[in-house]
Each structure stands twice: as structure tokens, then as C-alpha cells.
Amino acid sequence: QVQLVESGGGSVQPGGSLRLSCAASGSMFRIEDMGWYRQTPGKTRDFIASITRYGYTDYDDSVKGRFTISRDNAMNTQSLQMNNLGPEDTAAYYCFANIQLTAGADSRNYWGQGTQVTVSK
């Protein structure tokens with residue numbers, strides 16, 4: 001059974017930094033895209049960043065230049081380095097991984113449990 005486990009959330013003052021990590025475990029053939037979304041109460045889950053298995057990245061405009069996504073294909077992990085955080089970044093952050101369980105099978109997204117990031121004075 002595939003699981004994604006996140007770590008690294010917490011509280012930080014404006015202008016501070018946090019690093020989120022997400023590890024995929026279980027039996028799988030290949031991980032395609034990995035990435036992050038975030039969600040605040042009463043709102044939709046919004047895309048933040050993604051990275052292909054070849055290292056190509058994509059970011060939402062709201063985090064470009066402040067957040068950096070990376071991954072380790074050998075370890076099935078990904079990270080999100082978040083710098084210059086502001087109150088608008090307060091949210092629950094969810095990692096995802098598009099996983100192919102066996103060769104030839106369709107891939108689908110798996111999600112982490114979410115980790116809270118709070119930015120306040």
C-alpha cells in the first residue's frame with residue numbers, strides 16, 4: 001500500500017523559512033510528477049509547485065522566487081524549501097505523487113495527510 005508522509009510544518013514569523021518534506025513508501029513501479037498544494041479553511045486546494053521525474057519544475061506565480069521544489073528519485077522523496085514567508089502562506093500543505101504501481105498500469109495521484117504552516121508575528 002502506497003503512503004505519502006509529510007514532515008516539516010510549523011509556525012514561523014514573517015520573513016522566515018521552512019522546509020517541508022514528503023516521503024513515498026510502499027510497492028510501486030515509478031513515480032512520475034511530484035508536488036505540493038495548499039488549502040485554507042473554506043477554500044479549494046490550490047496548486048503550489050510540481051516537479052517531473054526529470055527535474056522540470058513548475059510554480060504558481062504566488063510562490064515563484066520564494067519556494068523551491070526538489071526531489072530524490074532514488075529515495076522517493078521530495079522537498080519544498082519555503083523562504084520569505086508571509087501571512088498569506090498560512091495554510092495546510094499537501095504533497096502529492098503521481099504513481100504507477102506496476103509497469104503498464106495507469107498512474108494516479110496519491111496524497112499526503114497534510115501539514116500545517118502558520119506564519120504570524
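The values are calculated or read from the model by the stated rules, or taken from the named source; none is laboratory data. Here the structure is a predicted model, which means the values were calculated and not measured. As a convention, Cβ positions derive from the backbone with ideal geometry for all residues, glycine included, and neighbour counts pool all protein chains shown. Surface areas here come from the heavy atoms of the whole protein model, side chains and all, with no ligands, DNA or RNA. Shrake-Rupley method; radii C 1.70, N 1.55, O 1.52, S 1.80 Å.
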Worksheet item: Which percent of the accessible area of the chain is formed by carbon and sulfur heavy atoms (probe 1.4 angstrom)?
Response: 46
Worksheet, complete the sentence: With the convex hull built on the alpha-carbon atoms of segment 1-101, volume per residue in Å³ sits at 99
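Considering only the other residues whose Cβ falls under 15 Å of the Cβ of THR57, what net charge follows from Lys and Arg at +1 and Asp and Glu at -1?
Details: positive: ARG53, LYS64, ARG66, ARG71; negative: GLU32, ASP33, ASP58, ASP60, ASP61, ASP72.
Value of the local net charge: -2.
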Worksheet entry | Dipole of segment 40-101, positive end: most advanced residue of THR90, GLN100, ILE69 [Cβ charges, Cα centre] | GLN100
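Exposed loop chymotrypsin sites (Phe, Trp or Tyr not before Pro) only (DSSP loop, at most 13 other Cβ atoms within 10 Å): please give the longest stretch of the chain free of them, not including the sites.
Working: sites that count: PHE29, TYR54, TYR56.
The longest such stretch corresponds to 57-121.
Let me know the charge dipole size of segment 1-100 about its Cα centre in debye, to the nearest 20, where only the beta-carbon of Lys, Arg (+1) and Asp, Glu (-1) is charged. Before the final figure, lay out the partial values.
Working: 9 positive and 10 negative charges, 26 e Å.
Using only the charged Cβ atoms, the result is roughly 120 debye.
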Worksheet item: Once the Cα gyration tensor of segment 48-120 is found, what semi-axes does its equivalent ellipsoid get, as square roots of 5 times the eigenvalues, in whole Å, sorted largest first?
Response: 26, 14, 10
Worksheet entry | Per residue accessible area in Å² of the chain, where ligands, DNA and RNA are left out and the probe is 1.4 Å | 54
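Just in segment 1-107: which trypsin sites (Lys or Arg not before Pro) are loop by DSSP and have at most 12 other Cβ atoms within 10 Å? Let's see the in-between values first.
Details: sites: ARG19, ARG30, ARG38, LYS43, ARG45, ARG53, LYS64, ARG66, ARG71; in loops: LYS43, ARG45, ARG53, LYS64, ARG66.
Those that pass, being in a loop and sparsely packed, are LYS43, LYS64.
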